[in-house]
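Below is one structure, written out as structure tokens, with a few remarks after it.
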Amino acid sequence: MKSVVFAYHNMGIAGLQALQKANYHIACIFSHRDDPSENCWFGSVETWAAERAIPVYCPTDVNQPEWIDRIAALRPEMIFSFYYRRMLTERILDIPTLGAYNLHGSYLPAYRGRCPVNWVLVNGETSTGVTLHHMVKKADAGDIVGQRVVPIEPTDTAVILYGKLCDAAGKLLDEVLPLMKAGKAPRIPQDITKGSYYGGRKPEDGRIDWGWSSERIYNLIRAVTAPYPGAFGLLPDGSKLLIWWATQDEKGAEDSGDSPGKVQVEEKRVLVQTGRGKIRLLDVETGGKRMTGDGLIRYFKDREGMILS
């Protein structure tokens, strides 16, 4: 089965490995060059392809006529997109004789769009999934080929959940790729009116509103902690306090009447009052200095009573 693959990130590598395992012929790969300003904690599709002598291209805009013509000249039977960051024009989607397919990191039609791994944690979901679907003009809206549910644990961070989704994607593709090759794969229409769509996230979206509940704040922290940009509040002098890890405080379930954002130090615990409950700080950073354990206690002991904003 001759295929052209658009891939990036660890999910891209998982998809490529599954295609090789199912004996699909990967004619070429389109990927992205890593951005030096980005924290590239993930594997390189470009390196993966080079190690296997598979042609790999990283154009700025693959939808330009020269690249469309090059893809058409290859006469692929299928096109796959595994976490490629650009939408593909309909001129590309119409090239393969047996369809174009995208692997999405949610259980569609829920969480169509960008950053589904982060958004499901921000919103406190208890499960998500991966979906292989036909690509159409509208993002993540095509007929479904297969899906796999992935449970979310209360302590999962985005990078932990992403690893689970990569594992699930490999298993899903192992199931459906042989069926696709045999022309026996399911094709289930999506009803996107019963789902949801989310856009991309920016570092400033990690700003904490201390008037939120402790549960909501905790979910934001675990959704954007390292290797993502991190959740943060502001110290009284306006400088940023990055919160890399924290938990809901079991002893702080009852509201004390303190203002949201007020810092308290008690029993070697640093607590912040929220709109409902308290957050216990465990790993923070300010001014380039990262603090945990006794260092964290000492820092806030001298600042007890301050109000974070």
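Since every read-out is calculated from the coordinates, none of them should be taken as a lab result. These numbers come from a predicted model, not from an experiment. Ideal geometry is used to build each Cβ from the backbone, glycine not excepted, and the neighbour counts take in all protein chains shown.
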field: Sequence-distant residues sharing a close amide H with TRP244 (under 5 Å, placed H)
entry: ASP283, VAL284, GLU285
message: Less than 17 Å apart at the alpha-carbon level, and either on another chain or at least 8 residues along: which lysines does that give for LYS202?
response: LYS240
query: How do TRP119, TRP41 rank when sorted from fewest to most other Cβ atoms within 10 Å of their own Cβ?
result: TRP41, TRP119
Computed log₁₀ I(q)/I(0) - Debye formula, equal Cα scatterers, no solvent, the stretch 14-157, q 0.21 Å⁻¹: -1.49
- line: Between GLU215 and LYS171, the FRET efficiency computed from the C-beta separation at R0 = 35 Å comes out, to the nearest 0.05, as 0.65
message: With 10 angstrom as the radius, rank LEU235, LEU177, LEU93 by how many other C-beta atoms surround their C-beta, starting from the fewest.
response: LEU235, LEU93, LEU177
field: Span from the the stretch 20-77 Cα centroid across to the the stretch 78-113 one, whole angstrom
entry: 14
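Defining a contact as two alpha carbons under 8 Å apart and six or more residues distant in sequence, what relative contact order in percent does the stretch 203-301 show?
27
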statement: Ranked on Cβ counts within 10 Å of their own Cβ, fewest leading, SER214, SER196 go SER196, SER214
message: In whole Hz and in residue order, list the ³J(HN,Hα) couplings for the stretch 96-105 that follow from phi through the Karplus curve 6.51 cos²θ - 1.76 cosθ + 1.60, θ = phi - 60°; x for Gly and Pro.
response: x, 6, 10, x, 10, 10, 10, 9, 10, x
- prompt: Counting DSSP beta bridges with both partners in the chain, what percentage is antiparallel, nearest 5?
  reply: 65
statement: the chain: relative contact order from alpha carbon pairs under 8 Å, six or more residues apart, as a whole percent, is 13
field: Those GluC sites (Glu not before Pro) in the stretch 3-75 that DSSP places in a loop and that have at most 12 other beta carbons within 10 Å
entry: GLU38
- line: Amide H contacts under 5 Å for ARG207, restricted to residues at least 5 apart in sequence or on another chain and with H modeled in the peptide plane, are PHE232
- prompt: In a GNM of the chain with a 10 Å cut-off on Cα contacts, which of GLY142, GLY293, GLY124 has the highest mean-square fluctuation?
  reply: GLY293
statement: Checking the stretch 222-309 for GluC sites (Glu not before Pro) in a loop per DSSP with at most 11 other beta-carbon atoms within 10 Å yields GLU254, GLU267
- line: Whole-Å distance linking the alpha carbon centroid of the stretch 137-171 with that of the stretch 181-203 is 11
statement: Calc'd 3J(HN,Hα), the stretch 50-64, phi into Karplus 6.51 cos²θ - 1.76 cosθ + 1.60 (θ = phi - 60°), Hz, glycine/Pro = x, comes to 4, 5, 10, 6, 9, x, 9, 10, 10, x, 5, 9, 6, 7, 6
